[in-house]
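Since every read-out is calculated from the coordinates, none of them should be taken as a lab result. No experiment lies behind these values; they were computed from the predicted model shown. Neighbour counts are summed over all protein chains in view; Cβ atoms, including those assigned to glycine, are modelled from backbone coordinates with ideal geometry.
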Amino acid sequence: MTQHKTGKKREQWGSKLGFILAAAGSAIGLGNIWKFPYVAGDSGGAAFIVVFLVCIFIIGLPVTVGEILIGRTAQRGPVGAFKKLGNNSRLWTSVGALGVVTGFLILSFYAVVAGWSLGYVVESLKGTFFTFEAPEAAGMYFQSLTSNPYWIIGFLFIFMAISLVFVLFGIQKGIERGSKIMMPVLFILLLALMVRGLTLKGASKGLEFFFSPDWSKINGQVILLALGQAFFTMSIGMGAMLTYGSYMSEKDNILSSSLQILILDTAISIIAGVAIFTAVFANGQDPAEGPGLIFHIIPVVFSSMPGGYFFSILFFILLTIAAITSAISLLEVITSYLVDEKQWNRKKAVVLCSVITFFLAIPSALSYTPIFNDKLIGDKNFFDIIDFVSSNIFLPLGGLLTAIFVAWFWGFDKALLEMKKGAEDIFENHFYLIKLWKIFLRYFAPVLILVVLLHSMGILSLLGLEF
Ligand code: PHE
């Protein structure tokens, strides 16, 4: 264990499994259960999945390995890690700082959606969904709830308070222990929902929709969507994996851990897709867009299926658990900045970061109420703008800079020395994997990410290069 500046020992994960579950908990979230099924469904089903898998292996995996490696080597959160390995350079330190800012921004809108899902646990317990006479009623009900400031801000507050408790107790007693309980529950709930979906009459229509590739839907736009999804779903580009890696022991293998996290994350996305689309199609519903899919359609789907009361509760608990384990990783990034760099006491740091995030989240929370639903830029309200800037600009930018940092600045000589710790077997018997990682991180990842980034900022379309 490294000695902290204050003389205190830096905490580490209690076990390799603890790290894997916590990191998988960060990766698996609203991005998998809400976003992935819809985007995949809308963008060519299996064809999108193939493109997504290619992106996640070519870019997601190499960047994940790079991030965890930086964290474990420096034993600091993003700001301290880039500062330490970047020879105190201002430029690299600001890459770390960008991660902390992105953490605040993502958490501020993520917690709002997480608050909705917590609120829907209560609605499903109350049996509200059984009172809807027509499918449209579910959408109207969603609108009436999300335009009620007390409802959204109330659940936002409760959600932030829950996340705070886990981070307050620290790495082993809070995050690791929480993930060890929540992640298995999440896997079981999701499997139960998938089996329920598959055994519904008409489930095959959903499977057909989700698994038959429609290659005609694949174009530049969809490839870029798949890339963006790869970043968001793996929690990379803002230092979450880096921070979790900083609590990792040198005995553990970064390469195999990264692969395990990626496989868990991808499997959950696909299982969620199966669970959701079999249920949607068995009920003759149309797969709708974005937040609509889950909050408008799922209640209707569940209210008309056998055991629906029970399964609707399970579904929203599952969604909330997935959101909590991701939110705590975002909160840990910003908290660790104050703990590592400013030597703050963890309790004080977590409370301050949560309070700031809560206030930052209020305009996003109010973006669906008449108080503040103005379209500020184009058709985007405040919530959409924060989501767009953090997910589509800052994450790819952070990922790009991380790849450049490891491959071109810190250098593979030093990086490989660190990576070898805990991965001796791969270095001795499968060195080609290391060579592949180097090529992907040095060339493929930066170039492809740059394309996503330019696209996100609308530069490609300005240049008339949208293909
Ligand atoms: N990976 C999370 C999800 O899929 C979101 C997230 C992004 C979490 C970035 C932490 C950092 O929902």
Subject >> Two-site label geometry, LEU417 and LYS217: point separation in nm, points 7 Å out along Cα→Cβ >> reply: 4.9
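Under a Cβ-only charge scheme (Lys and Arg +1, Asp and Glu -1), can you give me the dipole magnitude of the chain about the Cα centre, in debye to the nearest 20?
On the way: 32 positive and 27 negative charges, 339 e Å.
Using Cβ point charges on Lys, Arg, Asp and Glu, the chain gives about 1620 debye.
By per-residue mean of other Cβ atoms within 10 Å, what is the highest-first order of 257-266, 393-402?
On the way: 257-266: 21.3, 393-402: 24.8.
Final packing ranking: 393-402, 257-266.
Sort largest first and round to whole Å: the equivalent ellipsoid semi-axes of region 1-155, each the square root of five times a Cα gyration tensor eigenvalue.
Numbers: eigenvalues 298, 96, 50 Å².
They are 39, 22, 16 Å, listed largest first.
Stick to the Cα atoms of region 188-239, pair each with every other, and give me the Kirkwood hydrodynamic radius in Å at one decimal.
Numbers: mean 1/r = 0.0722 Å⁻¹.
Hydrodynamic radius (Kirkwood, Cα pairs) of region 188-239 is 13.9 Å.
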**OP:** Determine which residues of region 311-331 fall in the zone a paramagnetic label at THR199 would reach in this model, i.e. backbone nitrogen under 17 Å from the point 7 Å along Cα→Cβ.
**Re:** 311-315
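Quick one: putting +1 on the C-beta of Lys and Arg, -1 on the C-beta of Asp and Glu, what dipole do you get for region 135-234 around its Cα centre, in Debye to the nearest 20?
Working: 7 positive and 4 negative charges, 61 e Å.
That gives region 135-234 a dipole magnitude of about 300 debye.
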**OP:** Would you list the membrane-span-like helices of the chain, meaning whole DSSP H runs whose alpha-carbon atoms span at least 15 Å along their axis and whose mean Kyte-Doolittle value is at least 1.0?
**Re:** 16-27, 61-74, 90-126, 149-168, 177-198, 220-233, 254-282, 308-341, 346-365, 445-456
Subject >> Estimated distance in nm for a label pair at HIS430 and GLU136, the labels positioned 7 Å out from Cα along Cα-to-Cβ >> reply: 5.6
**OP:** Just need log10 I(q)/I(0) for region 373-423 at q = 0.28 Å⁻¹, Debye formula, equal scatterers on the alpha-carbon atoms, no solvent, rounded to two decimals.
**Re:** -0.95
**OP:** Starting from the Cα of LYS347, move 7 Å in the Cα-to-Cβ direction to define the label point; list residues of region 136-178 whose amide nitrogen is under 11 Å from there.
**Re:** 169
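Return one quarter of the surface area of the convex hull spanned by the alpha-carbon atoms of the chain, equal to its mean projected area, in nm². Intermediate results must be reported in sequence, preceding the final value.
Details: hull surface 84.9 nm².
Spelled out: convex hull of the Cα atoms, projected over all directions, averaged, 21.2 nm².
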Original post:
Counting every Cα pair in region 361-464, what percent are over 18 Å apart?
Top reply: 63
Original post:
What's the extension gain from LEU91 to LEU125 if we count 0.36 nm per residue and subtract their Cα-Cα distance?
Top reply: 7.2 nm
**OP:** Just name one of HIS455, THR369, ALA415: the one whose Cα is farthest towards the positive end of the charge dipole of region 369-467 (beta-carbon charges, Lys/Arg +1, Asp/Glu -1).
**Re:** ALA415
Original post:
Taking the simple approach of a point 7 Å from Cα along Cα-to-Cβ for both LYS251 and ALA161, what is their distance in nm?
Top reply: 4.0
